[in-house]
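Quick notes on the structure that follows.
The values are calculated or read from the model by the stated rules, or taken from the named source; none is laboratory data. Since the model is a prediction, treat every value here as computed from it, not as a measurement. Because the Cβ atoms are built from the backbone with ideal geometry, glycine has one as well, and the counts that use them run over all protein chains shown. These accessible areas exclude ligands, DNA and RNA; they are computed on the full protein's heavy atoms, side chains included. Shrake-Rupley method; radii C 1.70, N 1.55, O 1.52, S 1.80 Å.
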Amino acid sequence: IAIFKDNGKMEVWSISHDKDDNTVTAVGAFNADQHPLWTEFYDKWKNKEETGSFYLTGKAKESYVAILNNTKGYLIEPIEQFPDIYALSYFFDEGAIWGFSLEPQQEPDKQILKKFAAVFNLTYRRYLDFLKAEAQAREARMEASLERVRAKAMAMHSSEDLMDTINLFYHEVEVLSITPRRCGVSLINRDTRIAELSTMIATEGGGSRVVIGNLSLTGHPILEGVYDSWITQKDFFPVLSGHALREYYRFLSKQVDLIDYPTDEKQFGYYFAFPEGFVFAWTESELKEEELQIFRKFTSVLSLTHRRYKDLKE
C-alpha cells in the first residue's frame, strides 16, 4: 500500500517473500520523482485514474533495485536478484494498493483488486480516525498531567514543598510514557553561575531517588553550554556516549551525590530554559518532537512552580 501526499511524498508499506519463502515487511518514505515507475503512478493518482501498470526491466529495474537497497532502514537484507516484472497499481482517494506480477493481469483479476482498493480507501480513513482519536486522548492525558503539577505548585505552603512538586512532575512524565534516566529542575544564579538542583534519578530496580544540591555551571563543556543556553533562553540538546559520558558523570559527582555512574553507552540530554532556570532530562533514546513538546509545556508550568518557590522562600 502507498499513501500519496500532495507534495510528491509517498509513505509505503510492503510485504514480500525472501528466498526461503519467509514473509518480509518493509516500511519507508520516498519521493515520487525518484523513479519513473513512481512518477507515472503518482501522476495517474493525481489524475484520478483507476489503475496503472509499468513493465520494470533493463536500466529502470536496476535503478529501482538500487534505490530500495540504498534506502536506509527500508529493507532488512538487500535485493540480490529481481526478475523483469509488471508493476500494477490500483488507486483510491489517498493512495494505491500495488504489487508485482510476472505476467500482465487479466481483466477478472483487475476487477477483484479494484474492489480491494475500495476497501483500502475505507481502511485508511478509519486509520486516520484512530490517529485523530489517539492524538486527542494523548492531549487530554497531557493536559491532566499539567494541571496536576500546576495544582501541586499552587498548593505549596513552604519552600520545602518544592521536591514534592518535582517528584510529581517526574511521575507524570512517566505516565506519558517517557521515562528519563534523570529528570529535574534547577534555579540559576546569574552572578555565581550556581544551579540549585532538584532532580529524580531512575534506579536499577525500576524505582527512583531524589538528589538535591548545588552545581557550578563551569569547568565542563556541557555545563558551560547549559549556562550559555539559559542566558539566551534557548533549548540545549547535548549527546554523550562512551568515555565522554562516564567522564561527565564523574565530573558531576564531585559536586552532587550521584552515587553510581550510568552503564548506558549513549545518553541524550535535553535542557529547556525558563527565566529562573531550566527543566532538564537525560534519556537513553532520542526524544521525538511530540515528546519535546510535552517537556516544553511542563517547562512553562515549572517556571510558575519556581516563582511560587521563590516567593515562599522570601
When residues of region 55-74 are limited to those that are charged (D, E, K, R) and under 12 Å from PRO36 (Cβ atoms), the one least open to solvent (accessible area, probe 1.4 Å): LYS61
Can GLU284 be described as out of contact with any strand residue (DSSP E or B) (no Cβ under 6 Å at 6 or more places or on another chain), surrounded by fewer than 16 Cβ atoms within 10 Å (Cβ to Cβ) and modelled with pLDDT under 90? yes
Residues in region 100-111: is at least one aliphatic (A, V, I, L, M) and either without any contact (Cβ under 8 Å) to a residue 12 or more places away in the chain or touching a Ser or Thr at 6+ places or on another chain (Cβ under 9 Å) (or both)? no
Just to be sure before I move on: is PHE130 in contact (Cβ under 8 Å) with a residue 24 or more places away in the chain and under 30 Å from LYS48 (Cα atoms) in the structure I sent? no
Taking the stated definitions as given, is LEU304 within 26 Å of LEU176 (Cβ to Cβ) and assigned to a helix (DSSP H, G or I)? yes
Strands (runs of 3 or more DSSP E) wholly inside region 179-256 that include at least 2 residues being surrounded by fewer than 16 Cβ atoms within 10 Å (Cβ to Cβ), among the aliphatic types (A, V, I, L, M) and touching a residue at least 40 places away in the same chain (Cβ under 8 Å): 208-216
Expected output for region 1-21 (first residue within 20 Å of PHE82 (Cβ to Cβ) and charged (D, E, K, R), partner modelled with pLDDT under 90 and part of a strand (DSSP E or B), Cβ below 9 Å, 6+ apart or cross-chain) is ASP18/VAL24
Positions within region 22-44 being in contact with an Asp or Glu (Cβ under 9 Å, 6 or more places away or on another chain) and either at positive phi or hydrophobic (A, V, I, L, M, F, W, C) (or both), in sequence order: VAL24, VAL27, ALA29, PHE30, ALA32
Which ones in region 98-121 are of a type in the set (S, T, N, Q) and part of a helix (DSSP H, G or I)? GLN111, ASN121
Can you tell which of GLU94, GLU139, GLU77 is closer than 30 Å to VAL175 by Cα, open to solvent by 40 Å² or more (accessible area, probe 1.4 Å) and under 30 Å from the mean Cα position of the chain (by Cα)? GLU139
